[in-house]
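Here the structure is laid out as structure tokens; the discussion comes afterwards.
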Amino acid sequence: MSQYPTRIDGQPVHTDEGLRVTAPYDGRDLGEVPVCTAEHVDRAVAAAKRSMSDAPLPQWRRAEILDRAAQDLTDEEVFEDLARTIALEAAKPITTARAEVSRCISTFTFAATACRTLAGEVLPLDASRAGEGRLGFTLRVPIGVVGAITPFNFPVNLVAHKLAPAIAAGCPVVLKPAHQTPLSGLKLVELLLDRCGLPHGWLHSVTGSGSVVGAALVDHDDVAMITFTGSPEVGWGIRGAAPQKKVSLELGNNSPIIVEPDADPEEAARKIAAAGTSHAGQSCISVQRVFVQRSVADGFVAALVAAIERLRVGDPLDDRTHVSALIDAENRDRVVSWIEGAVAAGATVATGGWVGDDGVLVPTVLTDVTPDMKVCREEVFGPLLAVQVYDGIEEAFARANDTRYGLHAAVFTDDLRTARRAIEELDFGGVIVNDVPTWRADQMPYGGVRDSGNTREGPFHAVQEMTEIRSAVIA
Ligand code: NAD
């Protein structure tokens, strides 16, 4: 099968050795991509750096390119091809994959706005005696070449969340997509270069392993900033390896949700069932830890189990499928072993917990779990909801906060005071009231505290991260 090329300085690049891409659901061969080396990274970074001086892109052109990308993604053929590629290489059900491409359009649209409105500010210099008579203002200056490293689970929209703000900020970018799902990212790169008018020096892709290609990007002296989305272990390792670079990290979570007795249990159960199992739970803000107040726990668990059992498991290309395979057998077996560990320690399987003939782990609800179990303490990244019962809201807040992660948390309640307390007391990057922690709009500032990261993404915020403030003073 032919090799899908990466692009360096506009040119397609092939390598003798190829990295095979296979469909997690049925193991079908989807082709291969090049196995790049540090030398490819060098070439890409050098071309990116050159483009800043040799082919400057004014703000209006960058905004136009971003608008063009949003427009071209609505082309039915492009849209459907990207969605199908995501569905195949990530085993993301096709309806969810289409939603990802729609979000990608939104990301480019907001990045165009962020680009057009990117501006410095006037400095009130004569507010101090020393500044009297001087005019001061700031410029937002591109930080330099950006290295973008992305995970497997949103292979189009999370790539867009790095490329679009980099273009908006005026930074050339070198992309290293996840080795499991490189094809959809490469297609997005191709679209930007070949259809949207992005000059070839401004965007490059390098495929291969994280430990070789990703590490070469992190080590490169001419890469000013690494924007990384992925696991905490790799992310914090990168932060440690590049102390002098700007490194923005978007990492994992084990999202809590609190269900208060005044909430509608049916609605909460339905939304939690969908949000805990969408893309088989492989979202950084997938619901994982469910806290339900004791007086409504039985009815809620029954509704949750019923909602989970209504989900259809199977082929990601089938429009009716809600849940498909995990990214690989190793991760499926890991989640199964965590379920077994929890059960051995006293948890009860309320539904699921088994692997079907097609190798897909069936969505699972565990009750009687305790905070020390792996299914509560770690990030499961699988279709699993771990339900705990609480008595008072203080206890719920304390248990939700008892985690090394801090991306999103949520509460279902009809009580305004509880909603307000949740927003104030849940120590997370985002708190959602009356919906799941999985809820996100692409223009929001998005990111976490503690082990979940050190930045906020979303075009308006990422553009700030990718530019430096230059103070200008005219005496
Ligand atoms: P991962 O950390 O294994 O890989 C992410 C990327 O890093 C890949 O491209 C990989 O090749 C690369 N990489 C691996 N080792 C590297 C190294 N030594 N140097 C440089 N790059 C290296 O993550 P994953 O399994 O692809 O994704 C799942 C994780 O991503 C989960 O923890 C999930 O919560 C997190 N995630 C976070 C967000 C967010 O916005 N906060 C969004 C999606 C996923």
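Observations on the model:
- The share of alpha-carbon pairs in the chain lying farther apart than 44 Å comes to 16%.
- Ordering of 395-408, 205-218 by burial proxy (mean other Cβ atoms within 10 Å per residue, highest first): 205-218, 395-408
- In the range 261-395, the ratio of gyration radius to Kirkwood radius, Rg to Rh, stands at 0.95 when only Cα atoms are counted.
- Shape category assigned to the range 189-273 from the gyration tensor of Cα positions, a/c cut at 1.5: oblate
- Inter-probe distance in nm under a simple model that places probes 7 Å from Cα toward Cβ, at residue 16 and residue 194: 2.7
- Global form of the range 169-321, assessed from the alpha-carbon gyration tensor, a/c cut-off 1.5: prolate
- Selected from 169, 139, 410, residue furthest toward positive end of dipole (the chain; charges at beta carbon): 139
- Dividing the summed helix terms, -39500 (n - 2.57) for each DSSP H run of n ≥ 4, by the number of residues in the chain produces a 222 nm estimate of -12000 deg cm²/dmol to the nearest 500.
- For residue 203, the amide hydrogen comes within under 5 Å of the amide hydrogens of 173, counting only partners 5 or more places away or on other chains and with H modelled in the peptide plane.
- Relative contact order %, the range 339-475, counting alpha carbon pairs below 8 Å whose residues are six or more apart: 15
- Kirkwood Rh and Cα Rg combined as Rg/Rh, the range 359-475: 1.09
- Gyration tensor (alpha-carbon) shape descriptor, the range 86-174, a/c threshold 1.5: prolate
- For the cross-link pairs 92/176; 245/271; 176/245; 271/374; 187/246, the ones whose C-alpha atoms lie over 29 Å apart are 245/271.
- Whole-angstrom gap from the range 40-102 to the range 307-356, using each part's C-alpha centre: 32
- Segment residue 119-residue 244, length gained on full extension (0.36 nm per residue, minus Cα span): 42.4 nm
- Using C-alpha pairs under 8 Å with a sequence gap of at least 6, the mean separation divided by the residue count of the range 92-139 gives a relative contact order of 27 percent.
- Contact order, relative form, for the chain: 18 percent (alpha carbon pairs under 8 Å, 6 or more residues apart, mean separation divided by residue count).
- Rg/Rh ratio calculated on Cα atoms of the range 406-449 (Kirkwood radius): 0.96
Each reported figure results from applying straightforward, stated rules to the coordinates on display, with no laboratory input. Small disclaimer: the values here were computed from a predicted structure and weren't measured. Here the Cβ is made from the backbone with ideal geometry for all residues, glycine too, and neighbour counts use every protein chain on show.
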